[in-house]
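All of the numbers you see were taken from the coordinates with simple rules; none came from a lab. This one's a predicted model, so the numbers in the text were calculated from it and none came from an experiment. So basically every Cβ, Gly included, is an ideal-geometry build from the backbone, and we count neighbours across all protein chains shown.
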Amino acid sequence: MEIHPQCLQGCWTEGWALDLHTSSSRHTFTAGWLTERTPVGEALYHYKYELNREYLPALADTAADFLKKRLPNWRIDLILPVPPSDTSRPFQPVEELACKIGAITGVPVALQVLRKVRPTSQLKEIEDADRRRALLEGAFYMAPHALHGLRVLIFDDLYRSGETLRAVCEMVLQRGRAAQVYVLTLTKTRSKR
């Protein structure tokens, strides 16, 4: 799958999205919004929102290929998926993808180290950055020193404002005591909403 990696700036050592989520979006009077997605964005859309698991191998292979090129420098000890917000899905896309990427790269995946302990509303609906931060405060839990000295990759499917990744990264570094944190997402939105 063709990708165009996007650098992600934040409180992590290094971060990347494999591509933008959309390639264009325009409004027409007859059809409303017409959105064209990048190949990764299209696959993620079908996998996550239409629950079509046929897209899992291509997404995982693409992410694993990207990650393999960085492993010699990053020397990741562990992949840590961001806990899901929507637990009503029949499967959790981020966790399933992380496990598949871990199997391909040989990097262990920790599903129980970081937990979401308080539900949060969909952050994409909230434009105010301070309000997004406040909603995420206390939403995650990890045992003290759970990642002491480890180099951790935080994995998520979609980067929008970066607030969720910032909250998770701070938890991993401060409470978990990880040595370094890297970030990988499948896509990044064009806007920060």
- For F140, other-chain or 5+-apart residues with amide H closer than 5 Å (H placed, Pro excluded) are V117
- The set of residues whose placed amide H lies less than 5 Å from the amide H of Y159, leaving out same-chain residues fewer than 5 positions away, is T187, K188, T189
- Determine the sum of side-chain charges near Q6: Lys and Arg each +1, Asp and Glu each -1, restricted to other residues whose C-beta is under 9 angstrom from that of Q6. 0
- With Rg and the Kirkwood Rh both taken from Cα atoms, where does Rg over Rh land for the chain? 0.96
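Quick one: of the DSSP bridges fully inside the chain, what percent are antiparallel, nearest 5?
Working: 10 of 29 bridges.
Looking only at bridges with both residues in the chain, the antiparallel portion is about 35 percent.
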- Query: If we sort 34-40, 1-7 on the protection proxy, mean other Cβ atoms within 10 Å, highest first, what's the order?
  - Reply: 34-40, 1-7
- Given the rule -39500 (n - 2.57) for each run of at least 4 DSSP H residues, summed and divided by the residues of the chain, what is its mean residue ellipticity at 222 nm, to the nearest 500 deg cm²/dmol? -9500 deg cm²/dmol
- Query: Residue by residue, what Karplus-based ³J(HN,Hα) values in Hz, rounded to whole numbers, does segment 14-22 have, using 6.51, -1.76 and 1.60 with θ = phi - 60° and x for Gly and Pro?
  - Reply: 7, x, 9, 10, 5, 6, 5, 6, 10
- Please give the net charge around L44, taking every other residue with its beta carbon less than 12 angstrom from that of L44, where Lys and Arg add +1 and Asp and Glu add -1. -2
- First measure r as the distance between the Cβ atoms of L34 and D86, then evaluate 1/(1 + (r/R0)^6) with R0 = 22 Å and state the FRET efficiency to the nearest 0.05. 0.25
- Task: Would you mind checking the tilt of helix 39-49 against the longest principal axis of the Cα atoms of the chain, expressed as 0 to 90 degrees and rounded to 10?
- Result: 80
- Full extension from H148 to F66: what is 0.36 nm times the residue separation minus their Cα-Cα distance, to one decimal in nm? 26.9 nm
- Message: As I understand it, the value is the acute angle between the Cα axis of helix 93-105 and the longest principal axis of the Cα atoms of the chain; what does it come to in degrees, rounded to 10?
- Response: 60
